[in-house]
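**Q** Attaching a single structure in structure tokens format; questions to follow.
The values are calculated or read from the model by the stated rules, or taken from the named source; none is laboratory data. Values in this document were obtained by computation on a predicted structure and should not be read as measured data. Glycine also receives a Cβ, built like all others from the backbone with ideal geometry; neighbour counts cover every protein chain displayed.
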């Protein structure tokens, strides 16, 4: 007797913000005996072998934004070609449902699935719906959200909204088991600084100058781990050496970032959806500097969710100066209880089983067809 194994097609752009939750959902679905396929763009080719999918389909994509009409027209043509390839692949794969995680690489396969009447679920990681998901929302059967409140959902989107949280990587789940490190008067403050691909530059400019402004006694009690752009690494390291900072570890990338988050007393970083969700799950306080200039202001909305409950301090990039950061760090040294309370508040907002919740939504949506 032939046993039918349903396939779920996951659609996510080749960046960590979209791929991490897709990867976590893939693990949860496979644990239920469900076959998983991934549709993405060429940027994921280098890690395709590591993604827990039975097959990976690469579909051409582009972002139709910017000031150049020629570039926008070219992007639309690329998306159109991607749509044709996606429709062909969906007919071949015959998925029971399609899950889109946002980003323009998800548009061709999700739109093709909607036209072919395949049940589609959208997962919105941010507190403001992104443009790709907003474009696809009208044809979705279900919309799952990483945050309880999400702005920017089109009025024409009538699909039920379900708050699942943002699926977490296994490394984050492990890190969340670790208690907040003890921090009291006279203790070393373990500071972690990272900014992702769009944030490491400002961190490399502001953080060293802020630490230089600390009194010698406080600087001696600081242990720093900082992500720094490759082109800035030598200059930043030399700056710290010149001020006599002994406890410093700087690198362009940390593979074990969740574990380093768990080991820290305070995090300074951007406020992408994954970062905010991981801070909450692990339970670590943060100074969050939302990426400025985005049309959706999604990072500002993400940071506000933790700031509102006392789990983080949201600072506009224009206000993120060496003097401001030095003052904030001095306050943390002076009132250790402030950090402990913020850590507890962060942990109260964490959702550890978001992948399982989303898997249940996917299965139920597919079953309603």
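**Q** For residues that are surrounded by fewer than 24 Cβ atoms within 10 Å (Cβ to Cβ) and in contact with a helix residue (DSSP H, G or I) (Cβ under 6 Å, 6 or more places away or on another chain), tally how many sit in segment 117-127. Working first, answer last.
**A** Of segment 117-127, the ones surrounded by fewer than 24 Cβ atoms within 10 Å (Cβ to Cβ) are 117-119.
Keeping just the survivors that are in contact with a helix residue (DSSP H, G or I) (Cβ under 6 Å, 6 or more places away or on another chain) gives 119.
Number of matching residues: 1.
**Q** Still on this structure, please answer the following. Can you pull out every residue in segment 221-239 that is part of a loop (DSSP other than H, G, I, E, B) and buried (at least 19 other Cβ atoms within 10 Å of the Cβ)? Spell out how you get there, then give the answer.
**A** Initially, segment 221-239 is screened for residues part of a loop (DSSP other than H, G, I, E, B), giving 221, 228-229.
If the condition is that a residue be part of a loop (DSSP other than H, G, I, E, B) and buried (at least 19 other Cβ atoms within 10 Å of the Cβ), then 228 is the only one that fits.
**Q** Go through segment 184-213 and give me each residue that's surrounded by fewer than 21 Cβ atoms within 10 Å (Cβ to Cβ) and assigned to a loop (DSSP other than H, G, I, E, B).
**A** 184, 185, 186, 187, 188, 196, 197, 198, 213
**Q** Would you confirm, using the coordinates I've provided, whether residue 357 is under 25 Å from residue 31 (Cβ atoms), in contact (Cβ under 8 Å) with a residue 12 or more places away in the chain and surrounded by fewer than 24 Cβ atoms within 10 Å (Cβ to Cβ)? Let's see the steps before the verdict.
**A** Values: under 25 Å from residue 31 (Cβ atoms): yes; in contact (Cβ under 8 Å) with a residue 12 or more places away in the chain: yes; surrounded by fewer than 24 Cβ atoms within 10 Å (Cβ to Cβ): yes.
Yes; evaluated as a whole, the condition is true for this residue.
**Q** Same structure, new question: Would a scan of segment 280-287 turn up a residue that is touching a strand residue (DSSP E or B) at 6+ places or on another chain (Cβ under 7 Å) and more than 27 Å from residue 174 (Cβ to Cβ)?
**A** Taking segment 280-287 first, the residues touching a strand residue (DSSP E or B) at 6+ places or on another chain (Cβ under 7 Å) are 284-287.
Okay, now just the ones that are also more than 27 Å from residue 174 (Cβ to Cβ), so none.
So far as segment 280-287 goes, no, none of its residues is touching a strand residue (DSSP E or B) at 6+ places or on another chain (Cβ under 7 Å) and more than 27 Å from residue 174 (Cβ to Cβ).
**Q** Answer yes if at least one residue in segment 91-104 is under 30 Å from residue 257 (Cα atoms), part of a helix (DSSP H, G or I), within 24 Å of the chain's Cα centre (by Cα) and assigned by TED's automatic domain parsing to the domain that holds residue 17, and no otherwise.
**A** yes
**Q** Further question: Any idea how many residues of segment 1-59 are touching a strand residue (DSSP E or B) at 6+ places or on another chain (Cβ under 7 Å), at pLDDT below 80 and surrounded by fewer than 17 Cβ atoms within 10 Å (Cβ to Cβ)?
**A** Count: 4.
**Q** Just give me the residues in segment 240-269 being surrounded by fewer than 18 Cβ atoms within 10 Å (Cβ to Cβ) and part of a helix (DSSP H, G or I), in sequence order.
**A** The answer is 241, 242, 259, 263.
**Q** Considering only segment 298-323, state which residues are loosely packed, with under 14 Cβ neighbours inside 10 Å and either touching a strand residue (DSSP E or B) at 6+ places or on another chain (Cβ under 7 Å) or part of a helix (DSSP H, G or I) (or both).
**A** 318, 319, 323
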